[in-house]
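Novice: Here it is, the structure in full.
The values are calculated or read from the model by the stated rules, or taken from the named source; none is laboratory data. All of these numbers come straight from a predicted model, not from anything done at the bench. Here the Cβ positions follow ideal geometry from the backbone for every residue, glycine too, while neighbour counts run over all protein chains shown.
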Amino acid sequence: MPRLYFDANATAPPHPEAVEAVRRAMLEDWANPTSTHREGQRARYLIEEARREIAAALGVAPGELVFCASATEALHLLIRGLQPALGHRPAAVFPGEHSACLNPLKDWSRVAWLPEVPPACATVVQMPANNETGILYPMPPVLDALRIKDCAQAWGKVPVDLSDSDAAVFSGHKMGGPRGAALLWMRPGLPWEAVMEGPQERRRRGGTEDLPAILGLAVAVRHLAERQVMNAGLAPLRDAFEAEITSWNRAIEVIGQGLPRLPNTSCILFRGKNGEALHAALDLAGFAVSTGSACHSGSVKPSHAIATLGYTLEDARSVLRFSLLPDAQPGEVEALAAALKRLV
Ligand code: PLP
């Protein structure tokens, strides 16, 4: 049997047309977009076309988008760039936020966990969708705080609304784009300063732009609406999978069940079982799944996203995350359930 991949929230395969766009750009449009000769000018033109197309899809102005290499980088540039002006005041974030957001906040005077919004709070960081549980979170109603959205997981899976935000980050490799392409969006006028200096990206992010990855991202964005529809169609499949595995009476619990969740994500607690061992056994059986965020796997520390939902650390070690690709088929999910039944 071919291997089956249930780890879309870590990375999804790039759309074939995005792969082709990357390949062509690497063969034909490899010139430096900062160069002033004709080849460089063409590279610059292609980048600006891609920026226009992506900005239109997001409903923002092209000049507000900065191309980055990853959402992690975008979050670092954003949060570290706000720190000189705002870092003496507290920030408020969801306890389950990704380390890509928590790490650059380390130099701030204080990080409070939402729903607490401390007095004089400078910024609130919302993740519309949690990478591990898939739970969807609304932007808290805050006044006078800068609102940041980490859309790495939401993009391409559920609609993303920027009207309640001042800045946001997006990742390409989770929505059918290539790795190496991500976005930082900032409303004009934020008290932000560049931390990676250089002439590129209007002096907001130094470093030669990765033209092939950017063109691949633009192509993936062209397919975003269709991807979102496919993802929405996964909910019945995911629900049937959860109904099947919780019917076995084996202390199996769906984390976040009943809450608004990403339609492709199933975060399951196999109480009393070792998540790492289950993960390894499934891998041997031909199934790629995750013990939590890809960034946590390999770490002995259980995920804080799970622990902060009120589960014990022991429980957090017994969790597996199954995240379906947009084209997942019922037979594949049934095969996964059958393999799990033999293991738990
Ligand atoms: N934010 C969230 C919610 C994520 O899930 C991830 C990746 O898992 C990131 C940020 C980091 O994204 P990237 O891999 O593009 O650095």
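Novice: Can you tell which of L282, L278 is farther than 27 Å from H15 by Cβ and either surrounded by 21 or more Cβ atoms within 10 Å (Cβ to Cβ) or not hydroxyl-bearing (S, T, Y) (or both)?
Specialist: Of the residues listed, the single one that is farther than 27 Å from H15 by Cβ and either surrounded by 21 or more Cβ atoms within 10 Å (Cβ to Cβ) or not hydroxyl-bearing (S, T, Y) (or both) is L278.
Novice: Look at A25 and say whether it is within 16 Å of the ligand (Cβ to nearest atom) and either under 21 Å from the mean Cα position of the chain (by Cα) or outside the structural domain of H279 (by TED's automatic domain parsing) (or both).
Specialist: Spelling it out, it is not the case that A25 is within 16 Å of the ligand (Cβ to nearest atom) and either under 21 Å from the mean Cα position of the chain (by Cα) or outside the structural domain of H279 (by TED's automatic domain parsing) (or both).
Novice: Moving to a separate point now. Answer with yes or no whether M175 is surrounded by fewer than 21 Cβ atoms within 10 Å (Cβ to Cβ) and either more than 10 Å from the ligand (Cβ to nearest atom) or assigned to a loop (DSSP other than H, G, I, E, B) (or both).
Specialist: no
Novice: I would also like to ask the following. Quickly run through the stretch 242-291 and pick out the residues that are of a type in the set (F, W, Y) and more than 16 Å from A328 (Cβ to Cβ).
Specialist: Residues satisfying the conditions are W248, F270.
Novice: Would you be able to tell me the number of residues in the stretch 253-272 that are in contact with a Ser or Thr (Cβ under 9 Å, 6 or more places away or on another chain) and surrounded by fewer than 19 Cβ atoms within 10 Å (Cβ to Cβ)?
Specialist: Adding up the residues that qualify gives 5.
Novice: Taking the options L262, L237, L269, name whichever one is of a type in the set (A, V, I, L, M, F, W, C) and within 18 Å of the chain's Cα centre (by Cα).
Specialist: L262
Novice: While we're here: Show the residue pairs that are 6+ apart or on different chains and have beta-carbon atoms under 7 Å apart, the first residue being within the stretch 112-130 and on the phi > 0 side of the Ramachandran plot, the second being more than 16 Å from the ligand (Cβ to nearest atom).
Specialist: Here the result reads A120/R89; A120/P90, each pair linking the stretch 112-130 to a residue that is more than 16 Å from the ligand (Cβ to nearest atom).
Novice: Okay, moving on. Mind telling me which of the residues W192, W185 ends up being more than 11 Å from the ligand (Cβ to nearest atom), out of contact with any Lys or Arg (no Cβ under 8 Å at 6 or more places or on another chain) and within 14 Å of A71 (Cβ to Cβ)?
Specialist: W185
Novice: Right, something else. Answer yes or no: is there a residue in the stretch 58-77 that is among the hydrophobic types (A, V, I, L, M, F, W, C), away from the ligand (no atom under 16 Å from the Cβ), exposed (fewer than 15 other Cβ atoms within 10 Å of the Cβ) and more than 24 Å from the chain's Cα centre (by Cα).
Specialist: Within the stretch 58-77, none of the residues are among the hydrophobic types (A, V, I, L, M, F, W, C), away from the ligand (no atom under 16 Å from the Cβ), exposed (fewer than 15 other Cβ atoms within 10 Å of the Cβ) and more than 24 Å from the chain's Cα centre (by Cα).
Novice: While we're looking at this one, here's another question. Select, from A305, A220, the only residue that is within 15 Å of the ligand (Cβ to nearest atom), modelled with pLDDT under 95 and small (G, A, S).
Specialist: The unique qualifying residue is A305.
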